[in-house]
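Peer 1: First, the structure itself, so that you have it in front of you.
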Amino acid sequence: MKTTNRYLSAVIALAVIAIVLFLALDLPGPAFSTSGLTALLAPTPPPGELIPLQSLEGLKSLNATVNLDVNGLIDGKRTQGNLTGLLATNDQKKSRITVSGGLLGELAAKVGGSLVGLFTPSKVDIYKVPDGTYIVVNGLFPVCIKPKALNATAALDDMSPKSLLTMLTSSDVARGKFVGNETLNGAPVKHYVINGDAFLAAAQKSSDPKLKEFGQALWAAEDADLYLDAKTGYPVAFSGKYSGSYDPLKFEGDFGVQLEVTGANTNPAVDLPSSCNKPISQ
């Protein structure tokens, strides 16, 4: 038996040496080629067909909603709750994100600084207009703050419905299977399912730095539902669940993301409230 094993090991070793020599010397072989080896070692493409969607970047204005449900740790403290963000953008380069929900108190200080942390807001409005960014904290009375730091609202920018939907439906990860033609909110849509494992693998290798960072911070991704407008191909709704870290919230655990586009190219009005006539600079 030992002799047989020695012969078998010798044969395997000789085969490996022969393959290396063929590759190094480019010698012809009867049943072996570098293209065959390349095909053998090539990464398996993610499952599912490429979903034929139109990017939201092509829209001049937008109304959209995002809901985040989390169950885990924020800054190391046990947390369970939700955030809702309502986005309105128009073609005058103005936008407003209105944020509310049980986690708003924990997020407010991160967005507006120590001054905002003194309040218990019912909602926070982030305005971006040509002359800068304004944060309106709505509690017993509205307080308008004009932050000096350029990245003061970076966390909320990343959680914007448009930012999230654009990232989660990037061409790098928008692969899946067609479920069928359906109706959503009275409008015809095409329903697709994005494979969770394929999404995770593709996101972790994405050329988009934000998507790559998001994917590398995840432990797992479930299959996600994506709905496209049947006529335009724009994404109108998305629902997915993930486990891992989510940096904008300094969160770690399980979280769900539900997104809905409620208006495309409707050009909503976005005007600063009177409380921003004399904002607090911070």
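Peer 1: Is it true that some residue in the range 166-177 is modelled with pLDDT under 95, in contact with a Leu (Cβ under 8 Å, 6 or more places away or on another chain) and of a type in the set (Lys, Arg)?
Peer 2: yes
Peer 1: When you look at residue 245, is it hydroxyl-bearing (Ser, Thr, Tyr), in contact with a strand residue (DSSP E or B) (Cβ under 9 Å, 6 or more places away or on another chain) and surrounded by fewer than 18 Cβ atoms within 10 Å (Cβ to Cβ), yes or no?
Peer 2: no
Peer 1: Give me the residue from the range 117-142 that is crowded, with 21+ Cβ neighbours inside 10 Å and either of a type outside the set (Phe, Trp, Tyr) or under 30 Å from residue 195 (Cβ atoms) (or both) and, out of that set, modelled with the lowest pLDDT.
Peer 2: 121
Peer 1: If a residue counts only when it is not hydrophobic (A, V, I, L, M, F, W, C), which strands (runs of 3 or more DSSP E) contained entirely in the range 184-282 have at least 3 such residues?
Peer 2: In the range 184-282, the matching strands (runs of 3 or more DSSP E) lie at 187-194, 224-229, 235-246, 251-264.
Peer 1: How about the range 142-172: which of its residues are in contact (Cβ under 8 Å) with a residue 40 or more places away in the chain, part of a loop (DSSP other than H, G, I, E, B) and not charged (D, E, K, R)?
Peer 2: 147, 152, 153, 159, 160, 169, 170, 171
The values are calculated or read from the model by the stated rules, or taken from the named source; none is laboratory data. Everything quoted here is computed from the prediction, not taken from an experiment. FYI the Cβ positions are ideal-geometry reconstructions off the backbone, even for glycines, and counts take in every protein chain you see.
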